[in-house]
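**Student:** Quick one: structure below, then a few questions.
The values are calculated or read from the model by the stated rules, or taken from the named source; none is laboratory data. Quantities reported herein were computed from a predicted structural model and do not represent experimental measurements. Cβ placement follows ideal geometry from the backbone for every residue including glycine, while neighbour counts extend to all protein chains displayed. When the accessible area is computed, the model is the full protein with side chains, heavy atoms only, and any ligands, DNA or RNA have been set aside. Shrake-Rupley method; radii C 1.70, N 1.55, O 1.52, S 1.80 Å.
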Amino acid sequence: VAADELSLRRMGKLPTKLLPLVLVLAAQGASGWLGVSPLARSANYGRTASATLGNPFMARRRPARHSSGVRAAGVTSVRSMILGEKPVIENTGLNSRRISASIIIARPPEDVWRILTDYDNLSTHVPNLIASKRVPHPGGARQIRLFQEGAQKIWGFDFSASLVMDMEELFGPEQEHRRLQRKIRFKLIQSAMLAKFDGEWALQPHSRQLTQPSPEALESAKARGMPRPEALTHYSTKLIYSVNVTPRGMVPVPAIEWRVREDVPLNLRAVKTAVELLPLRPVDQLISDEQMRYAARP
């Protein structure tokens, strides 16, 4: 393992039998965060958006394709709908696992998407992630390649590990003039510790509630000669995370199961907190700002 991939920052010795476990935990410090979401299977949507960084709001209506290029966000399976914060860990091979979990966020999908796609600032929101940044992609500026570095303190030792992933942003059909269903699919490109770390984040509308203005708000508006306050619509989103992981070499996969039981819920709650700290804004304004952000991308 190269020194820049895995560094032991504190001198000391570990029992030889514990080294594979320590290496896995160090790798999880770097990669246990940005996989993408649910156990969903792809299905055809009538309207699609570019899987790269094109403007999804200007996409033409066309059949969804399952080859590289234009793709639609898949329909989420019934099984993913009953996932909770406690990770579901499935044995998918001799040394492979699929790990899934979800959380409810009291904000519309546009706000959740804003945090998840702010790739250069993810380390400000996610525990144990010390660096996250876009790096050049051989396919050009419209493709997304992400470098991340994480850190963990394990048995008194400080470890760091890094990886490189390619990202795809996928959109479902337009609903109520909004793209409510979305995914970020990721695929491992380079890692010293992991042979496979592929998965996705998925966003689903969860609830919508109309709240009438309080009597106090009505009285205040009347006293000031202002128009009657309108009812407010409050949205929530279900964020679903799923990843297929295979360690590299002789690193034992059971060690990953132990680590993710702590890390996945922690990371989901960190994203939830970051989203819910965003200022509340009308959905129309969120949609307009999002359209401008995508139009300004290369």
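**Student:** Mind checking which residues of the stretch 112-138 are exposed (fewer than 14 other Cβ atoms within 10 Å of the Cβ) and under 22 Å from Arg259 (Cα atoms)?
**Tutor:** Thr124
**Student:** For Thr246, are the conditions met, namely being β-branched (Val, Ile, Thr) and open to solvent by 40 Å² or more (accessible area, probe 1.4 Å)? Break it down into steps so the answer makes sense when it comes.
**Tutor:** Details: β-branched (Val, Ile, Thr): yes; open to solvent by 40 Å² or more (accessible area, probe 1.4 Å): no.
Answer is no for this residue.
**Student:** Determine whether Pro254 is free of Cβ contacts under 8 Å to residues at least 60 places away in the same chain and not β-branched (Val, Ile, Thr).
**Tutor:** Numbers: free of Cβ contacts under 8 Å to residues at least 60 places away in the same chain: yes; not β-branched (Val, Ile, Thr): yes.
In short, yes.
**Student:** Of everything in the stretch 141-165 that's at pLDDT below 90 and part of a loop (DSSP other than H, G, I, E, B), which residue is surrounded by the fewest Cβ atoms within 10 Å (Cβ to Cβ)?
**Tutor:** Checking each candidate, the answer is Gly156.
**Student:** With Ser207, Ser242 as the choices, which residue is outside any helix (DSSP H, G or I), at pLDDT 90 or above, closer than 30 Å to Lys196 by Cβ and out of contact with any Lys or Arg (no Cβ under 6 Å at 6 or more places or on another chain)? Lay out the reasoning, then the answer.
**Tutor:** Working: Ser207 fails: closer than 30 Å to Lys196 by Cβ.
The unique qualifying residue is Ser242.
**Student:** Does any residue of the stretch 282-294 turn out to be touching a Pro at 6+ places or on another chain (Cβ under 6 Å) and surrounded by 18 or more Cβ atoms within 10 Å (Cβ to Cβ)?
**Tutor:** No.
**Student:** On to the next question. Can you say whether Leu278 is within 19 Å of the chain's Cα centre (by Cα), aliphatic (A, V, I, L, M) and open to solvent by 40 Å² or more (accessible area, probe 1.4 Å), as far as the supplied structure shows? Steps first, answer last, please.
**Tutor:** Numbers: within 19 Å of the chain's Cα centre (by Cα): yes; aliphatic (A, V, I, L, M): yes; open to solvent by 40 Å² or more (accessible area, probe 1.4 Å): no.
No: the conditions fail for Leu278.
**Student:** Separate question: Residues that are over 24 Å from Asp263 (Cα atoms) and either basic (Lys, Arg) or out of contact with any helix residue (DSSP H, G or I) (no Cβ under 6 Å at 6 or more places or on another chain) (or both): does the stretch 180-198 have at least one?
**Tutor:** Here is the first cut: in the stretch 180-198, the residues over 24 Å from Asp263 (Cα atoms) are 180-181.
Those still in the list that are either basic (Lys, Arg) or out of contact with any helix residue (DSSP H, G or I) (no Cβ under 6 Å at 6 or more places or on another chain) (or both) too: 181.
Yes, because at least one residue in the stretch 180-198 is over 24 Å from Asp263 (Cα atoms) and either basic (Lys, Arg) or out of contact with any helix residue (DSSP H, G or I) (no Cβ under 6 Å at 6 or more places or on another chain) (or both).
**Student:** How many residues does the stretch 172-190 hold that are assigned to a strand (DSSP E or B) and modelled with pLDDT under 90? Reasoning before the result, please.
**Tutor:** If we filter the stretch 172-190 for residues that are assigned to a strand (DSSP E or B), which is where we start, we get 174-175, 178-179, 182-190.
Checking the rest, the ones that are also modelled with pLDDT under 90 come to 174-175, 178-179.
Selection size over the stretch 172-190: 4.
**Student:** Is it the case that Glu85 is of a type outside the set (Gly, Ala, Ser) and at pLDDT 90 or above?
**Tutor:** On the way: of a type outside the set (Gly, Ala, Ser): yes; at pLDDT 90 or above: no.
In short, no.
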